[in-house]
Structure formats: C-alpha cells, structure tokens
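Undergrad: Handing you this structure, nothing more for now.
The values are calculated or read from the model by the stated rules, or taken from the named source; none is laboratory data. It should be emphasised that the depicted structure is a prediction, and the values quoted were computed from it without experimental measurement. Cβ atoms come from the backbone with ideal geometry, glycine included; neighbour counts cover every protein chain shown. Each accessible area value is taken on the protein alone, full model and side chains, heavy atoms only, with ligands, DNA and RNA left out. Shrake-Rupley method; radii C 1.70, N 1.55, O 1.52, S 1.80 Å.
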Amino acid sequence: MSRLLLTFYGDDFTGSTDALEQLTVAGIRTMLFIHPPTPAELKKFPGLQAVGVAGNTRSLATDAMERELKPALLALKKLGARHVHYKVCSTFDSSSTIGSIGRVMDMAAKIFPAPFIPLLVAAPALGRYTVFGQHFARYGIGSSGAIHRLDRHPSISTHPITPMTEADLRLHLAKQTKKDIGLIDILKFDLPEEEARAGINEILRGAEVVLFDALTSDHLRRIGLLLDRFASTRRPLFSVGSSGIEAALSSAWAAEGRVPRALSFRVKGRQNPSDQSKQILVVSGSCSPVTGGQIAWALKHGFAEVQFDLTAVAADPTQEINRVIRAASRFLQGNRSVVVHTTKRGADKKLPRQLKGKTASWLGVALGVVAHFTLKKRLVNRVCVAGGDTSSYAALAMGIQALEMIAPLTPGAPLCRVHAPDSPLNGCEVVFKGGQVGAENYFEVVKKGRT
C-alpha cells in the first residue's frame, strides 16, 4: 500500500514550490520533481509522504496542455496516493485557449471518476480569499499591500496573456467547461454541524464541480476534513486549486493525528537556512509591477543590472545569452549581486515577431541557461527565479531534476535545495518566486536567507 498521502501537478514552477512549502512546513516530507518520478526514483527518497511534479501547462494552448498533462496524471495515479491535486495559481488566471482549467477538469474526470471535483482557490496565508464565489487577492504576497477584487487588481487584471476581468470564479470557469458548478459559500461554515452537512450534501448531489469559499485557516481545516471523506487509495479524489488544497488537507490530517500538529520546520542534516550569501543571482522574466518594484529596490541597494535585449534574443539567441552571461559574470566576480531581467516595466508591447506567442519558452530558456552557467562555474550558490510563466522553462534549462525545501522565506516562495546527481548544480540553492510574491526588499531577503 502506498504511503503517499497526496500527489500534485503544478501548472508552473513557482506555484509548485508554493505547494511544496505548504506540505513541508506541516511536517509532511515532500519532493518536487521535474517529471513524474518512477517507483525506482522514489526509493532514493525514503519516507516521502507527498510528491509533486512542476509542470508548465499554465502557458500552453489547450491541445498542447492535454498532451503534456494526461500522461503526467496517469503516472501520478499509479503512485497510489489518496489525493491527486492539479495546482493552479491562487489568482486563477487562465482562459479557454491558454492554461484552460476547465479543459483540465474535463480530461481529469475521465481518469479519476468521483462524485465531484473540488475547487478551492482561496489561500489565506497568501492573501487570497473567496467570498460568495467572488475572488480577492492582496497586492504583493507577504507584503502589506491592499486587497483587491480580482477584476480590479492592478496587476492580475492586466496580465499580458491571461488577464482576469471576471472576479466570479464560477462565471470565469464556465467559459472553459460545460460542467455544472456549485458553490459552498461562507455562510455554510457557521451553520450547526448537521444543518451544514445537509446543505453541503444537497449541493454535492447537483454539481460536477464544487467551488469552496474560504477566508480563514479554520475554513480550510473544515474543507480538508470534508474532502478527505471522499478519498481512498482505490478511488483517489482529484481536486483543483491553489496551495489552499495542501493547507486544508494537512490541517485536517493534523487534527486527526495523522501528521504533526505543530507547524514546525526541520530538515534532517540541516539546522537552519544558509547564512547570508556573499552574492546572489536573480533571473526575472516577470511582467508584474510587484517584481518591477523589487528590481527597482534592489538596484538602489547595490544589486547590479543586466537586461536582455529582446530584439537580439530573437535575432541570435546564443549570442545574446553569451553577452548576458559575460556581463553578469563580471559583476558576480566582483562580489556584487546581479539582477538579470527581460523587463522591469510590465509586458513589452513591441515584442519582436519571432517571440510573439513564445515569450515564456524563449525567455525562460534564456534565463535558465544564464543561471545554469553561473551555478556551474560556482560564481554563486543561490539563485532566485522570478516569474511564473517562464519559471518551468528556466528550471528545465538549469538542469534541475528535483527540489527539496530547505527553509521558508516569504509565503509561497521557499528556499530549496537542488537535486541533480552527477551535476555541479547538485546541492545548490534556488528560490522560485511568482510575480505577485514578496515585499519590496524581497531579493535582499533571498540574499540573507531569512525574513
């Protein structure tokens, strides 16, 4: 019988490390892989209770997404966990043509027959809340930024590829699937237990997808207890949502005594996060104004800057990548931290023709090659990769095979150790940061290795 409690597939790399963090800080030993691991690969990591795969489906068209995702879900099902989670961004940005969450549900329902597909997008620890089906998000995860309704969020509503112009998650999802979508709203949590259960059962009988409101960690615990009733190794429950799924289930398991109650963090053979690095490398493909503000702060506080010339990338990517590597290396050899980026003022509306529709893959690979070289040459031992859409391509280009969390830094973006046997990258440290994650001084936090 499988010892795995949960497996998950993340639609990008930054979101995958968010799920990794939620499970690890709950005392659930978790590894994040680039590809679905085989049973032989899992034996190299004894004691695992959860396994994740960091994918790239967020940036893919629907047909390409299905070709990528279907084999991965079938492989995860074979691992025998009670829960299989499709991890999406907590801002739910998607469309009927790119990163379609509805298409995922349609496909997964054939692989994981179940009474319903749970949908939980709220993640209170990240400043993400759902109330009466309407979704809200803080500006800057881990910061004191204002909370906005999704369609009025300064960054998410203007995403260059999948702008969120509808805050009602049911209406947004209805453009991507024909499945009936029900809602368990916030009021159900305040009803007497028997009345609440009867109301929930009524909703479950009439819906194929069930969206859950959530505002607090206690809401997540109650949702986790409910979802766990529908899961078994013979009939795993497939769910869709943010890392709120991991938070909900781990809280429920702790309440039942199946995992440690205390949210303590401990990694065998390592006491605390690394002490301050002499310098770090930041590679950013993020268009988010949050990341733009972090880059501006870093440059004012001693970080050096190297910017990719997108026209040069389109004309001769090898030559432009080599130019950036040389420039970044000079600063690192002089003991200066460096930010390598593709933009710091939002999406470039004058993209070269060759890059249109391919920005995530082209720029992600370019950033990953730069990071791989600096780690290989031991110019740095710690790298921060910023930007959700480009992150998966950057990780592949870096040569990462798997990640294990070392320590928390800011919610949603933990410090991780690279597993890459027979590679000079093995043991290096990396942070994958989504565009909305972190306070203004975030890159300094990464450099110091502590909040």
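Undergrad: I'd like the Kirkwood hydrodynamic radius of segment 85-200, using the inverse of the mean 1/r over distinct C-alpha pairs, in Å.
TA: Taking the inverse mean of 1/r over all distinct Cα pairs, segment 85-200 comes out at 15.4 Å.
Undergrad: On to the next question. Ordered by packing density, taken as the mean number of other Cβ atoms within 10 Å over each peptide's residues, highest first, how do 184-193, 431-440 rank?
TA: Order by mean packing, descending: 431-440, 184-193.
Undergrad: Hey, any idea what % of the chain's accessible area is carbon plus sulfur with a 1.4 Å probe?
TA: 51
Undergrad: I've got another one for you. Assuming a ≥ b ≥ c are the square roots of the Cα gyration tensor eigenvalues, decide whether segment 278-426 counts as rounded (a/c under 1.5), prolate (otherwise, with a/b larger than b/c) or oblate.
TA: Since a/c stays below 1.5, the shape of segment 278-426 is classed as rounded.
Undergrad: Would you kindly derive the ³J(HN,Hα) couplings of segment 124-135 from the backbone phi angles with the Karplus curve 6.51 cos²θ - 1.76 cosθ + 1.60 (θ = phi - 60°), listing them in order in whole Hz, with x for Gly and Pro?
TA: x, 5, 9, x, 10, 9, 10, 9, 6, x, 8, 10
Undergrad: Distance cut-off 20 Å, Cα to Cα: go down the list Lys78/Lys175; Lys87/Lys433; Lys278/Lys377; Lys44/Lys110; Lys87/Lys448 and report the pairs above it.
TA: With Cα atoms farther than 20 Å apart: Lys78/Lys175; Lys44/Lys110; Lys87/Lys448.
Undergrad: In whole Hz, what ³J(HN,Hα) sequence does segment 77-91 give by Karplus (6.51, -1.76, 1.60; θ = phi - 60°), x for Gly and Pro?
TA: Per residue, the Karplus-derived 3J(HN,Hα) values read 4, 5, 6, x, 6, 6, 10, 10, 10, 9, 7, 10, 5, 6, 9 Hz.
Undergrad: Go ahead and estimate [θ] at 222 nm for the chain from helices alone: -39,500 (n - 2.57) per DSSP H run with n ≥ 4, summed, over the residue count, rounded to 500.
TA: -11000 deg cm²/dmol
Undergrad: Can I ask one more? Taking the dipole about the Cα centre of the chain, with the C-beta of Lys and Arg at +1 and of Asp and Glu at -1, give me whichever of Gly302, Ser16, Pro289 is farthest to the positive side.
TA: Farthest along the dipole direction, towards plus: Gly302.
Undergrad: What order, most packed first, do the peptides 243-253, 374-384, 86-96 have when packing is the mean number of other Cβ atoms within 10 Å of each residue?
TA: Top to bottom by mean Cβ count within 10 Å: 243-253, 86-96, 374-384.
Undergrad: Okay, moving on. Suppose every K and R has +1 on its Cβ and every D and E has -1 on its Cβ; what is the size of the dipole of segment 1-96 about the Cα centre, in Debye to the nearest 20?
TA: With Lys and Arg at +1 and Asp and Glu at -1, about 580 debye.
Undergrad: Still on this model: Roughly how many nanometres apart are two label points built 7 Å out from the Cα toward the Cβ at Thr165 and Val131?
TA: Computed distance between label sites Thr165 and Val131 equals 2.6 nm.
Undergrad: Modelled label-to-label distance, Leu215 and Lys77, 7 Å Cα→beta-carbon offset: nm?
TA: 3.9
Undergrad: Using alpha carbons only, how many degrees (0 to 90, rounded to 10) separate the axis of helix 317-333 from the longest principal axis of the chain?
TA: Helix 317-333 sits at roughly 80 degrees to that axis.
Undergrad: Taking only Cα atoms, what is the 0 to 90° angle, nearest 10, from helix 388-398's long axis to the longest principal axis of the chain?
TA: Helix 388-398 and the main axis of the chain meet at about 60 degrees.
Undergrad: Using +1 at the C-beta of Lys and Arg and -1 at the C-beta of Asp and Glu, which of His172, Val446, Pro124 has the Cα lying farthest in the positive direction of the dipole of the chain?
TA: Val446
Undergrad: Rounded to the nearest 20 Debye, what is the dipole magnitude of segment 44-124 about its Cα centre when Lys and Arg each give +1 and Asp and Glu each give -1 at the C-beta?
TA: 360
Undergrad: Taking the Cα centre of segment 297-440 as the origin and placing charges on Cβ (Lys, Arg +1; Asp, Glu -1), which of Val365, Val338, Ala327 is farthest toward the positive end of the dipole?
TA: Ala327
Undergrad: Could you state the accessible area per residue of the chain in Å², with a 1.4 Å probe and every protein chain left in place?
TA: Normalised by residue count, the accessible surface of the chain is 41 Å².
Undergrad: Continuing with this model, one more query. At 7 Å along Cα-to-Cβ for each site, give me the label-to-label distance between Asp190 and Arg235 in nm.
TA: The answer from the label model is 3.5 nm.
Undergrad: Separation of segment 277-332 and segment 155-222 by C-alpha centroid, Å?
TA: 40
Undergrad: Follow-up. Which entry is the computed log10 I(q)/I(0) by the Debye sum over Cα atoms at q = 0.06, 0.09, 0.12 Å⁻¹ for this structure: [x] -0.30, -0.63, -1.00; [y] -0.23, -0.53, -0.96; [z] -0.33, -0.72, -1.24?
TA: [y]
Undergrad: Between the alpha-carbon centers of segment 70-131 and segment 355-401, tell me the distance in whole angstrom.
TA: 26
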